[in-house]
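Values quoted throughout were computed directly from the atomic coordinates according to the rules given, and no laboratory measurement underlies them. This one's a predicted model, so the numbers in the text were calculated from it and none came from an experiment. Virtual Cβ from ideal backbone geometry, glycine too; neighbours counted across all protein chains shown.
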Amino acid sequence: MTDVLTPVLTADWGTPESWKLNVYEAAGGYGALKKALGMAPDDIITAVKDSGLRGRGGAGFPTGMKWSFIPQDASTEAGGKPKYLVVNADESEPGTCKDIPLMMATPHTLVEGVIISSYAIRANTAFIYIRGEVLHVIRRVQAAVSEAYLAGHLGKNIHGSGYDLDVVVHAGAGAYICGEETALLEGLEGRRGQPRLRPPFPAVAGLYASPTVINNVESIASVPSIIGNGAAWFSSMGTEKSKGFGIFSLSGHVNVPGQYEAPLGITLRQLIDLAGGIRTGAGGQQMGLKFWTPGGSSTPILTQAHLDVPLDFEGVGEAGSMLGTRALQIFDETTCVVRAVLRWTEFYKHESCGKCTPCREGTWWLTQTLTRLENGEGSAEDLDLLLDQCDNILGRSFCALGDGATSPITSSIQYFRDEYLAHLEHGGCPFDPMASTAFATVGANQ
Amino acid sequence: MISEDTYAELLEIAARYPEKRSGLLPMLHLVQSTAGQITPEGIEACAAILEISAAEVSGVATFYTMYKRRPVGDYHVGVCTNTLCAVMGGDQIFATLKDHLDVGNDETTEDGTITLEHIECNAACDYAPVMMVNWEFMDNQTPASAVQLVDDLRAGKVVTSTRGPRICTWREAERVLAGFPDDRVDEGPGAGPASLVGLKVARENNWTAPQVSTSSTTGAEGSDQ
Ligand SMILES: Cc1cc2nc3c(=O)[nH]c(=O)nc-3n(C[C@H](O)[C@H](O)[C@H](O)COP(=O)(O)O)c2cc1C
Ligand code: SF4
Ligand code: FES
């Protein structure tokens, strides 16, 4: 039996000066790189395939398979071009807060992963695209990359292997859509971050129209452990189709919010228990769970009824939502679901890149309708109008941002229709916005 | 005006990339660090270096929210009002600060010290309600702590991020974003308290990732046993 929590990526976050090269190496860091450089690149791809690692950026695409799509036959047009690895460190999906602490505490785990992954796909240049709004995290990654150069882990002829790699740390400038992989490539090419039409897929024509792998920070940071400890070690954790460990981020109304690294398949009931339970109310009373997101605001909300759903790709999918980024935002009964959903919808409206009409216009209409409802000014027909508007966005938008914008709305109407109606009966929001705050309670977020 | 030194650094940024246009985002960060905002001169300089039109550069500058076309104060103060933080008190904090500083969203105080803005989720939800000063974390805020924070900034006191270094000015921060590191990387902790809670529970219970069978291990990674 695997233990309830399995710290691997988070294991050294508490070590003094954990971000420094000597500290990382003292704990065995860059050992996996040495091993990898002695392997054939294809064998690394095979090991990552065998491990069962699936993308940790939300969609869960098998990482090794993604790497194997990179054309390597130099006699073909695409295969003859340079290959690129791009790390998606844009972490902006509301609720998601795992990559940022990873890069702040142990940036070398990411850098080592970048080198091994680039070697596997035969890239000689890699980019780490970090959202711009996290200054200290950017400092730590910049410093880790320069330390790695000085130690000979990067640059020309790495450790005598004949393999060359340069890594560029690139700061974004504020745009959620740049987390979408093709919009990210646009940003990295110095353009407005608007998604590209697919096909061609980035594996064939990505950055500079060359074969490109784009992976999430946590996916790439998991690679050294797979190479170091073996694919079987990794796949001994998790569930049948969702292998390995992942960082689960609990935020909101639990007593001890934070990062919990566990095998995929753990349940929210277990996690809330580890997090000291749902918070204690201002009067000392035990509060109850009302709703939660399994993987960020773009994944349909779930309720009390889903406490025992295994948090893996299949389990959450069967429950009508998505595992996403394991961003577990927990809301207790003091929270108005309409207010929560309206705020997320305003976010999507603000972040819509404007490229396609359903999302650009649709998110505007959604906020109009939701605002009316939150203010108690609409009518019951507005709920049908909302669902109709969602219908016109879902599946008709150019990228998944538009689809994601509908998730909180449709799921909240599914589970909390009565609460929407209560706003109409009450002539406004029946909730006290102070009651849900961290400073309204004793003992919350201790 | 773009100085010769700045122009040289803009060229240096462009040269980091296989194709120079990739330098545009960090180049615009550098423009902000020298000019305090995106300026027509800065746009022209980027356009000249990248051999694209000024309209194209403008189109990029207007797309990204971190680029400002009005002067920014010494301290950019962001209050997260995305759902999780809003519910946890971000809305009250933002309202309190607007009132206390007598500014609206994305406006700067008359003395030019503080620009207040409500921001989207900054990937720190486990520390809600979250504020950012010049893009450094100020975790677990209350309306009272937020007022104290901006008062300290305006009084010129040294303010330290709750999970990071002493806070530099907005222009200095923009320079780091342009890829010119300062000397603050080793300040502050590796992780804040919330980042470590799962690790603590695991240690208390002696929970680890599976041991690696010695035949397959290089001892490189994995559980830190
Ligand atoms: C609107 C939108 C935002 C996204 N934001 C991120 C992000 O911040 N980080 C990330 O890794 N993936 C994000 N993704 C998913 C990426 O498009 C892509 O699937 C992922 O980076 C692939 O890496 P993985 O296979 O390692 O998960 C986003 C997708 C969409 C549609
Ligand atoms: S769905 Fe929204 S974000 Fe995506 S391309 Fe269309 S307008 Fe842009
Ligand atoms: S919602 Fe405020 S940091 Fe995530």
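Here is how the numbers come out for the structure above:
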| read-out | value |
| --- | --- |
| J(HN,Hα) series, the stretch A:278-293, from Karplus relation 6.51 cos²θ - 1.76 cosθ + 1.60, nearest Hz, glycine and proline x | 4, 4, 8, x, 4, x, x, 7, 6, 7, x, 5, 10, 8, 7, 9 |
| Under the Debye formula (equal points on every Cα, no solvent term), log10 I(q)/I(0) of the stretch B:4-63 at q = 0.15, 0.21 Å⁻¹ | -0.35, -0.70 |
| Inter-probe distance in nm under a simple model that places probes 7 Å from Cα toward Cβ, at residue B:99 and residue A:303 | 3.6 nm |
| 17 Å cut-off, amide nitrogen to a point 7 angstrom out along residue A:285 Cα→Cβ, residues in the stretch A:332-365 | A:332-336 |
| Within chain B, longest stretch clear of exposed trypsin sites (Lys or Arg not before Pro) (DSSP loop, no more than 13 other Cβ within 10 Å) | B:70-156 |
| Global geometry of the stretch A:87-165, whether rounded, prolate or oblate, following the gyration tensor of its Cα atoms and the 1.5 cut on a/c | prolate |
| Charge-dipole axis of the protein assembly as shown as Lys and Arg at +1 and Asp and Glu at -1 on Cβ define it, positive-most pick from B:73, A:197, A:380 | A:197 |
| Per-pair calculated FRET efficiency, R0 = 41 Å: residue B:16 and residue A:235 via Cβ, rounded to 0.05 | 0.60 |
| Convex hull projection area averaged over all views, the stretch A:9-74, Cα basis, nm² | 6.2 nm² |
| Radius 14 Å from Cβ of residue A:396, net charge of other residues (Lys, Arg +1; Asp, Glu -1) | -2 |
| 222 nm mean residue ellipticity, helices alone, for chain B (DSSP H n ≥ 4; -39,500 (n - 2.57); rounded to 500) | -11000 deg cm²/dmol |
| Along chain A, longest interval not containing exposed GluC sites (Glu not before Pro), exposed being DSSP loop plus at most 12 other Cβ atoms within 10 Å | A:241-446 |
| Most mobile of A:380, A:47, A:275 in a GNM of chain A (Cα contacts under 10 Å) | A:380 |
| The stretch A:309-357-the stretch A:54-101 distance, computed between alpha-carbon centres (Å) | 23 Å |
| Rounded if a/c under 1.5, otherwise prolate or oblate - chain B, Cα gyration tensor axes | oblate |
| Highest-MSF residue in chain B out of B:106, B:182, B:74 [GNM, Cα springs under 10 Å] | B:182 |
| Taking the convex hull of Cα positions in the stretch B:75-169, its mean projected area over all directions (nm²) | 5.1 nm² |
| MRE, 222 nm, helices only [DSSP H, n ≥ 4, -39500 (n - 2.57), over chain A, to nearest 500] | -12500 deg cm²/dmol |
| Part-to-part distance (alpha-carbon centres) for the stretch A:1-32 and the stretch B:60-129, which is given in Å | 35 Å |
| Under 5 Å, built H, 5+ apart or other chain: amide partners of residue A:84 | A:212, A:213 |
| Residue (of B:95, A:313, A:367) at the positive-pole extreme of the protein assembly as shown, dipole from beta-carbon charges | A:313 |
| Gyration tensor (alpha-carbon) shape descriptor, the protein assembly as shown, a/c threshold 1.5 | rounded |
| Dipole moment magnitude, nearest 20 debye, chain B about Cα centre, only Lys, Arg, Asp, Glu C-beta charged | 440 debye |
